[in-house]
Amino acid sequence: MDFSFRIANKSFDFLIFVILSTLLTTIHASIHIYQNQLFNEVGNAYLLPGGSEGLYASLSSDDSATDGRSFIRFENITFWRTQDAADEQSEMEHSTGLIQAVIFEAADRNNIGGSAYGGQRSICCTPDLAKLEGCKQGEVIRIPSATEINWPMVLSIQFNGNDLSTQMNNAEVPIKKTGMHNLFFIACDPKLKGTVMSGKTVWKNPDGYLPGRMAPLMTFYVYMAIAYLLLSAIWFSQYMRFWEDILQLQHCIATVIGLGLFEMILWYLDYSNFNKTGMRPVVTTAWVVTVGAIKKTLSRLLILSVSMGYGVVCPTLGGLTSKVLLIGATYFVASELLDITEHVGTINDVSGRARLFLGLPDAFLILWIFTSLSKTLEQLQAKRISVKLDIYRKFSNALAVAVIASVAWITYEIYFKATDPFNERWQSAWIITAFWDILSFALLCVICYLWAPSQSSQRYAYSEDVGEEFDDEEAQSLTRGQSNGDVSLVKQEQKNGNAGISDEEDESEEDKRE
């Protein structure tokens with residue numbers, strides 16, 4: 001990606017942001033592997049992003065200690081310049097090309113680059129800047145941090161003579177300060193255009209290789225697994241106790257609970273393995289993502305089926321079954337693609353358009369859910385089935401709260417990202433992901449509460465004889481709380497029903513007497 005050489009002073013932050021968000025992207029892997037990656041022209045420099053991660057400061061100052069240390073290690077980093085660039089150099093020259101590895105925190109982003117006469121900025125030192133600021137022409141401009149004179153860290157790698165390649169010494173940079181650390185490989189020599197790089201860097205936190213922004217999620221998934229385990233214990237104890245009265249809908253709820261528990265355990269195992277090895281096996285992570293996509297799809301279809309009155313107002317979905325299966329399959333594919341893009345392999349931020357396209361099935365599902373729920377409530381109200389109507393009103397209220405919370409959280413997420421372009425609040429970024437799992441679990445708990453297995457489960461089931469169901473329920477509600485000596489309203493209605501017959505008999509007797 002090309003950027004102009006001269007940019008306004010106030011626009012330099014935007015330049016770095018564009019580099020971080022488009023060229024660099026956030027790679028959620030602690031072992032960053034580079035395979036013949038090409039340097040990109042950025043202003044007056046050629047730049048290759050090496051990674052960006054939140055790293056905590058080392059807990060131990062002992063370099064021989066394995067645990068408690070935080071570092072960035074360079075392994076087998078090799079650079080290849082073009083044949084034309086190598087042929088221009090003399091075999092006897094010592095230094096014929098300079099590449100610098102620059103490590104800096106997001107808070108120190110303005111310490112890379114400089115400006116002549118307070119106007120324009122550039123990454124590499126120019127003749128004017130060499131006179132004004134004392135930097136060395138042809139090298140990256142580095143301004144020492146106010147808190148650490150050796151920071152940002154700059155490591156130099158040079159080509160010798162007319163060699164086609166050069167290799168960087170295996171170095172390890174200790175991290176002594178907590179922050180969002182960025183790595184760039186920069187070449188200021190125009191002759192190094194077309195240079196490529198291979199090798200890898202290893203990023204480690206004090207507690208393991210898991211990136212700082214993801215580390216809290218491993219603990220979070222432990223708590224979520226415990227929550228699902230408790231819900232499973234409560235649900236399945238009732239499930240087995242009232243097995244003979246179980247509805248088809250309750251079978252679906254049990255399946256979603258089981259998949260939720262399985263998903264949380266798999267996510268924990270995936271993160272734990274990531275923390276120990278620094279890599280995420282593609283097959284393992286793909287399985288975790290697939291289980292999660294299946295669980296989310298079944299959860300959405302469960303809510304949709306409940307909203308349509310399946311098993312309660314109607315015995316089947318009828319002609320809508322194929323449409324429900326189609327939207328479920330579409331949602332599964334979209335969810336699978338989105339999660340694989342975010343979690344499997346080299347992680348890149350999904351573009352806004354891609355997210356919007358992949359989120360369309362979810363938006364359509366939500367619209368269909370509320371439309372169906374509204375129709376179901378109207379049917380129950382028209383038939384005056386009070387018990388079921390009360391349950392569906394509670395469900396609709398919970399669903400409305402969930403949607404409002406989702407919209408509010410999406411707004412907060414947009415605000416969070418818009419006000420933190422350099423990921424400086426990375427330590428709290430895990431909450432963005434955790435919220436959706438919490439909301440999904442809370443809604444599942446509401447469904448479990450409303451449709452819990454019990455001796456009276458069958459009263460929630462669909463019944464063809466709606467009038468009889470209405471009479472029984474209404475009679476119970478009307479006679480509740482009356483004394484034994486009172487005449488019930490039901491009996492009064494029966495007397496009123498016989499009143500017509502007695503009146504006709506009285507009229508006939510009067511006629512005879514006349």
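Go through the residues of region 109-118 one by one and say whether even a single one is buried (at least 19 other Cβ atoms within 10 Å of the Cβ) and of a type outside the set (Gly, Ala, Ser).
Yes, region 109-118 contains at least one residue that is buried (at least 19 other Cβ atoms within 10 Å of the Cβ) and of a type outside the set (Gly, Ala, Ser).
Quick check on my filter: what residues within region 119-142 are touching a residue at least 40 places away in the same chain (Cβ under 8 Å) and open to solvent by 20 Å² or more (accessible area, probe 1.4 Å)? Show your work before the answer.
First, pick out the residues of region 119-142 that are touching a residue at least 40 places away in the same chain (Cβ under 8 Å): 119-126, 138-140, 142.
Answer for region 119-142, where residues must be touching a residue at least 40 places away in the same chain (Cβ under 8 Å) and open to solvent by 20 Å² or more (accessible area, probe 1.4 Å): GLY119, GLN120, ARG121, THR126, GLY138, GLU139, ARG142.
Show me the strands (runs of 3 or more DSSP E) entirely contained within region 86-182 in which 1 or more residues are modelled with pLDDT of 90 or more.
Values: elements: 97-105, 114-116, 120-122, 153-159, 165-167, 172-174.
By residue number, 97-105, 153-159, 165-167, 172-174.
Give me a count of the residues in region 185-204 that are part of a strand (DSSP E or B) and open to solvent by 10 Å² or more (accessible area, probe 1.4 Å).
Of the residues in region 185-204, 5 are part of a strand (DSSP E or B) and open to solvent by 10 Å² or more (accessible area, probe 1.4 Å).
MET279 passes all but one of (1) touching a Phe, Trp or Tyr at 6+ places or on another chain (Cβ under 7 Å); (2) not in a helix (DSSP H, G or I); which number fails?
(1)
Examine region 226-237 for a residue that is closer than 21 Å to ALA171 by Cβ and among the hydrophobic types (A, V, I, L, M, F, W, C), and state whether such a residue exists.
No, that holds for no residue.
If you go through region 255-287 one residue at a time, how many are within 15 Å of TYR228 (Cβ to Cβ) and surrounded by 17 or more Cβ atoms within 10 Å (Cβ to Cβ)? Give the derivation first.
Of all residues in region 255-287, those within 15 Å of TYR228 (Cβ to Cβ) come to 255-269.
Of the ones still in play, those that are also surrounded by 17 or more Cβ atoms within 10 Å (Cβ to Cβ) are 256-257, 259-268.
So the answer is 12.
Considering only region 362-403, state which residues are outside any helix (DSSP H, G or I) and either surrounded by 15 or more Cβ atoms within 10 Å (Cβ to Cβ) or of a type in the set (A, V, I, L, M, F, W, C) (or both).
Within region 362-403, ILE385 is the sole residue that qualifies.
What is the residue count in region 52-83 for residues that are at pLDDT 90 or above and on the phi > 0 side of the Ramachandran plot?
Within region 52-83, residues that are at pLDDT 90 or above and on the phi > 0 side of the Ramachandran plot number 1.
Yes or no: region 206-222 includes at least one residue that is in the same structural domain as PHE274 (by the TED database), farther than 30 Å from TYR34 by Cα, of a type in the set (A, V, I, L, M, F, W, C) and in contact with a helix residue (DSSP H, G or I) (Cβ under 7 Å, 6 or more places away or on another chain).
Yes.
Out of LEU231, LEU164, LEU210, LEU217, I need the residue that is loosely packed, with under 15 Cβ neighbours inside 10 Å, farther than 30 Å from SER115 by Cβ and in contact (Cβ under 8 Å) with a residue 60 or more places away in the chain. Which one? I'd like the intermediate steps shown before the answer.
Details: LEU231 fails: loosely packed, with under 15 Cβ neighbours inside 10 Å; LEU210 fails: loosely packed, with under 15 Cβ neighbours inside 10 Å; LEU217 fails: loosely packed, with under 15 Cβ neighbours inside 10 Å.
Selected residue: LEU164, the only one of LEU231, LEU164, LEU210, LEU217 that is loosely packed, with under 15 Cβ neighbours inside 10 Å, farther than 30 Å from SER115 by Cβ and in contact (Cβ under 8 Å) with a residue 60 or more places away in the chain.
Going by the structure shown, is TYR415 closer than 30 Å to LEU183 by Cβ and modelled with pLDDT of 85 or more?
In short, yes.
Output the residues belonging to region 418-431 that are assigned to a helix (DSSP H, G or I) and loosely packed, with under 15 Cβ neighbours inside 10 Å.
Matches in region 418-431: ALA418, SER428.
Every residue in region 81-108 that is over 21 Å from ILE175 (Cα atoms), of a type outside the set (A, V, I, L, M) and buried (at least 18 other Cβ atoms within 10 Å of the Cβ), please.
Matches in region 81-108: ARG81, GLN89, THR96, GLY97.
Say we look at region 244-254 and pick out the residues that are more than 15 Å from ILE294 (Cβ to Cβ) and either of a type outside the set (A, V, I, L, M) or at pLDDT below 85 (or both); which of these is surrounded by the fewest Cβ atoms within 10 Å (Cβ to Cβ)?
Taking the candidates together, the pick is GLU244.
The values are calculated or read from the model by the stated rules, or taken from the named source; none is laboratory data. As the structure is a computational prediction, the values presented were derived from the model and not from experiment. Ideal geometry is used to build each Cβ from the backbone, glycine not excepted, and the neighbour counts take in all protein chains shown. Ligands, DNA and RNA are stripped out before the accessible areas are found, and what is left, the full protein with its side chains, is counted by its heavy atoms. Shrake-Rupley method; radii C 1.70, N 1.55, O 1.52, S 1.80 Å.
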